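A short write-up of the structure that comes next.
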Amino acid sequence: MVKPITALLLLGLCISAYAGPACTQQTTRGTWAYTCEGQLPAPDPTPTRMLGSCTASSTGYWTCNGNVNLGGQIIPHTLQGQAQNQPDCTGTISYEHTLGGAPAGTLDIRYVIAGGGQSIDGLPTNSGGVLSCSLRRIGRGHFDG
């Protein structure tokens, strides 16, 4: 016969094993490919797509380079920012970004890390438009900047 306290301890172990490992800043370290799709006000709602790659450090600092297709016009852009990964595998990042080499302000994104750190789905919260972004890991890398 299993005593109640033993049953509770076993249940706790099963739940923590089922929940999987918690996320840390290290979870997203490496190189990533990203895509974003939606609309941005430019000044009217304009179809927008983004494509590029990022490198994330062991401390959660991200550096990205890519291109934005804004209504058919291709514009290079860069992003740099500090992410905050939470133990429940959600997080936020604030990017300073440029469009065509000119400062373009801050882009704030909320995200969810999935697949044990193999993918990220994000939602920009201050773009003034409707975008969703997906990232997929393309390498662990040795970047630690």
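If we scan the range 18-36, do we find a residue that is touching a strand residue (DSSP E or B) at 6+ places or on another chain (Cβ under 7 Å) and farther than 16 Å from Ile113 by Cβ? I'd like the intermediate steps shown before the answer.
We begin by selecting, within the range 18-36, every residue touching a strand residue (DSSP E or B) at 6+ places or on another chain (Cβ under 7 Å); these are 23-25, 27-36.
Those still in the list that are farther than 16 Å from Ile113 by Cβ too: 35-36.
Yes: one or more hits.
Looking at the range 125-145 only, could you name the residues that are of a type outside the set (Lys, Arg) and within 17 Å of Ser53 (Cα to Cα)?
First, pick out the residues of the range 125-145 that are of a type outside the set (Lys, Arg): 125-135, 138-139, 141-145.
Correct list: Ser132, Cys133, Ser134, Leu135, Ile138, Gly139, Gly141, His142, Phe143, Asp144, Gly145.
Looking only at the range 104-122, count every residue that is in a strand (DSSP E or B), open to solvent by 50 Å² or more (accessible area, probe 1.4 Å) and at pLDDT 95 or above and tell me the total.
Let us first name the residues in the range 104-122 that are in a strand (DSSP E or B), namely 104-114, 119-122.
Still in the running and open to solvent by 50 Å² or more (accessible area, probe 1.4 Å): 106, 110, 112, 121.
Add one more test, that the residue is at pLDDT 95 or above, and what stays is 110, 112, 121.
Going through the range 104-122 one residue at a time, the tally reaches 3.
State the number of residues belonging to the range 37-66 that are open to solvent by less than 60 Å² (accessible area, probe 1.4 Å), assigned to a strand (DSSP E or B) and touching a Gly at 6+ places or on another chain (Cβ under 8 Å).
First, the residues of the range 37-66 that are open to solvent by less than 60 Å² (accessible area, probe 1.4 Å): 38, 40, 42, 46, 48, 50, 52-58, 60, 62-64, 66.
Subsequent filtering for residues that are assigned to a strand (DSSP E or B) retains 38, 40, 46, 48, 50, 52-56, 62-64, 66.
Next cut, touching a Gly at 6+ places or on another chain (Cβ under 8 Å) only: 38, 40, 46, 48, 50, 52-53, 55-56, 62-64, 66.
So the answer is 13.
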Check the range 82-92 and report whether any residue there is open to solvent by less than 50 Å² (accessible area, probe 1.4 Å), assigned to a strand (DSSP E or B) and in contact with an Asp or Glu (Cβ under 9 Å, 6 or more places away or on another chain). no
Condition test on Leu8, is it open to solvent by less than 60 Å² (accessible area, probe 1.4 Å), modelled with pLDDT under 95 and of a type outside the set (Gly, Ala, Ser)? no
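The values are calculated or read from the model by the stated rules, or taken from the named source; none is laboratory data. In this text, all values refer to a predicted model and were calculated from it rather than measured experimentally. Positions of Cβ are backbone-derived with ideal geometry, glycine not excepted, and every protein chain shown enters the neighbour counts. Remember, those area values only see protein heavy atoms, side chains included, never the ligands or the DNA or RNA. Shrake-Rupley method; radii C 1.70, N 1.55, O 1.52, S 1.80 Å.
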